[in-house]
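Notes follow the structure.
FYI, it's all coordinate maths here, none of it is from the lab. In this text the structure is predicted, and so the values were computed from the model without any measurement. A quick note on method: Cβ atoms are made from the backbone with ideal geometry, for glycine too, and the neighbour counts reach across all protein chains shown.
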Amino acid sequence: MKSSAWKIIVLVLILFIVMPACNLGKTQQEGNTTSPTRSGEPGEVIPTIFTVPDPGETAAAYLDAWVNFDYTAMYNMLTTLSQDAIRIEDFDKRYRDVTSEAVLSNIEYEILQTLTNPKSAQVGYQVTLNSALVGPVTRETQMNLTLENSEWRVVWDDTLILPELAGGNTLSMESTPPTRGIIYDKDGNVLAADTDAVALSVIPSGIPEDGGGGMLNQISTLTGIPSLYFADEIFDEDAPWIIPITEVSLDRFDVRRPILQSNYGDVFSWVDYYTHLAYLEDAGAHAIGWVGAIPAEDVDFWREKGYPIDATIGRMGIESWGEEELAGKRSAYL
């Protein structure tokens, strides 16, 4: 009887000891909210998962800004280190120089692949620079990005434009202008063409008192224009030292050259050169128009069409109307 009582007492004591311990363990387990859902086996590595933005979106935004020639927006997407390495003025000039030298009409791109790490990323892409002179220039290159303040920033270098520009290399366009087209009338007569020509001018102070009439006749013979058209300007007492008169073909001038040299050497001044000449003596020549240098305010417009700053263009008449056909296509190498 005594043995059974002792067994009951011992069992009760064990229960009092075990139950608080179980409750304590339960309480500690519920309060550890940062513990993993499971503990790994000995030697097992449990990965930690990081969430970062899509670097492809940042790369696309940068390239979209380039497509729109928005260099300020591009610069604002660079890493702090990249902005420290290149000023916005130099960054802007770098891209503008490429646009100008390559005579770019537009830019296209395609994202090819992305590789993302916790703090860095690489985006491979294909870029096509469409040039008005040499056509499309397509290359594959890579953009490196760094995570700053939870945003991807572009690590800039010259290869983001073209791989060949690494280390500060520059583009150079070499082009050869074509011969300008010839304008004919309906009967096949030449109205305007590239040719050797002579620019003729008059020096009023060299005209002898009794030689004015002969000088005007020479001008009329060369130009086919009545002499009275020039008389008022030439004989004006306030006339400048030299007065440009006209330009004529070299062949036409050579017929009169001996007479002008022997009798009017002090009156006329002339310069031989090669130019695009309208034959004013031919019928319908008044509608031909003329060619001349690109006006300063139109340089950017014509540069986008592949014209260098020193090119000549049709300025009036048929020369202007038919500029695209008459100018031809330049051969070029980038």
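Quick notes
- Note on GLU164 and GLU304: their simple-model spin labels are 2.5 nm apart, each label 7 Å out from Cα toward Cβ.
- Per-residue Cβ neighbour rank within 10 angstrom, fewest leading, TRP152, TRP321, TRP241: TRP241, TRP321, TRP152
- Rg ratio (alpha-carbon, reference 2.2 N^0.38 Å) - the range 55-172: 1.02
- Summing +1 for each Lys or Arg and -1 for each Asp or Glu among the other residues whose beta-carbon sits under 13 angstrom from that of GLY322 gives -2.
- Here the calculated FRET efficiency for ALA293 and GLU108, from their Cβ-Cβ distance with R0 = 30 Å, stands at 0.35, rounded to the nearest 0.05.
- Inter-centroid distance (Cα atoms) of the range 108-135 relative to the range 157-177, Å: 16
- Look at VAL52, VAL127 and count the other Cβ atoms within 10 Å of each Cβ; fewest to most, that gives VAL52, VAL127.
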